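Input: a single structure, listed below in structure tokens.
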Amino acid sequence: MLHTVNKSPFEKTSLDTCLRLVRTGAVILLIEDAVYAATKNTVIEAKIKRALTQNRIYVLGPDLDARGLQDSEIIDGIEVVDYGGFVDLAGEHRNVQSWF
Amino acid sequence: MNEIVEDAENPEANAKKIMYINRRAPYGTIYALEALEVVLIGAMFEQDVSVVFMDDGIFQLKKNQDTLALDVKNFSPAFRALETYEVEKLYVEKESMQARGLSCEDLLVPVLELSSIEIAELMEQQDVLLNF
């Protein structure tokens, strides 16, 4: 299953709920305001790093660019994808769960 | 994508597994009421329906809701009617219940309390996930 999250982890609990409900091996894609969860040196970072040991995590490049976030500011292990990559991820999974 | 082959002789074989996921409190936004309406309409199509309440969605099932002074419709009694529409699989997430200090006795319908791990398993089995 592909899980997408689109809310800032500093404002909403969508990411927490997602991390509680993902099964090992499921894939997470951070989009829109959830891309802030992918950045280094935040109170969220440890949580993301823990998740990275069990799940692949992607972040949507155009949403990073729009917010002035560069690759060097993204937690190691998170992969940046473009819109085409988003479509590929959706196509690779039987279901997409959107945590909004 | 999985292909559904129509089987006119056996309507149950055509039933898709549909899960409604409710994560918002009632009244503050329209999500909860909209979800309930979709569940009730969807019930006509005789699918394999389950309804999950997690995060603030739990509050939709709280007993003793009284919206008289608010002058909006109290739709909570409709949850008791779901059974008549053969929507019988109601689940709440244990972690969300605990976080809000609620137990099943606080809720207006009988539900099955499942851990996040159990709900994640159920989600994996669904054909369709609808979020509100």
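With bins 10 Å wide beginning at 0, the percent of Cα pairs of region B:15-131 falling in each bin runs 14, 48, 33, 5, 0.
When the convex hull of its Cα atoms is viewed from all sides, the protein assembly as shown shows a mean projected area of 14.4 nm². Look at the alpha carbon pairs under 8 Å that are at least 6 residues apart: their mean separation over the length of chain B gives a relative contact order of 32 percent. For residue A:29, the residues whose amide H sits under 5 Å from its own are A:3, A:4, A:5, A:58, ignoring neighbours fewer than 5 places away on the same chain, with H placed 1.01 Å from N. What residue among B:45, B:59, B:79 shows peak mean-square fluctuation when chain B is described by a Gaussian network model with Cα springs under 10 Å? Looking only at B:45, B:59, B:79, the largest GNM fluctuation is found for B:45.
Phi angles of region B:118-129 translate, via the Karplus equation with coefficients 6.51, -1.76, 1.60 and θ = phi - 60°, into HN-Hα couplings of 5, 5, 4, 5, 4, 4, 4, 7, 7, 7, 9, 10 Hz per residue; Gly and Pro are given as x. All other residues with a Cβ under 13 Å from the Cβ of residue B:130 taken together, and with Lys, Arg as +1 and Asp, Glu as -1, what is their net charge? Spelling it out: positives minus negatives among the neighbours equals 0.
For residue A:60, the shell of other residues with beta-carbons less than 10 Å away shows a net charge of -4, using +1 for Lys and Arg and -1 for Asp and Glu. Which values of log₁₀ I(q)/I(0), to two decimal places, follow from the Debye formula for region B:72-132 at q = 0.25, 0.27 Å⁻¹ with a uniform point scatterer at every Cα? For the requested q values the scattering log ratios are -1.23, -1.25.
The translational diffusion coefficient of chain A, from Stokes-Einstein at 4 °C and 1.567 mPa s with a Kirkwood hydrodynamic radius over alpha carbon pairs, comes to 98 µm²/s.
Since every read-out is calculated from the coordinates, none of them should be taken as a lab result. Not measured: the values here are computed from a predicted model. With ideal geometry, Cβ positions are generated from the backbone for all residues, glycine too; neighbour counts draw on all protein chains shown.
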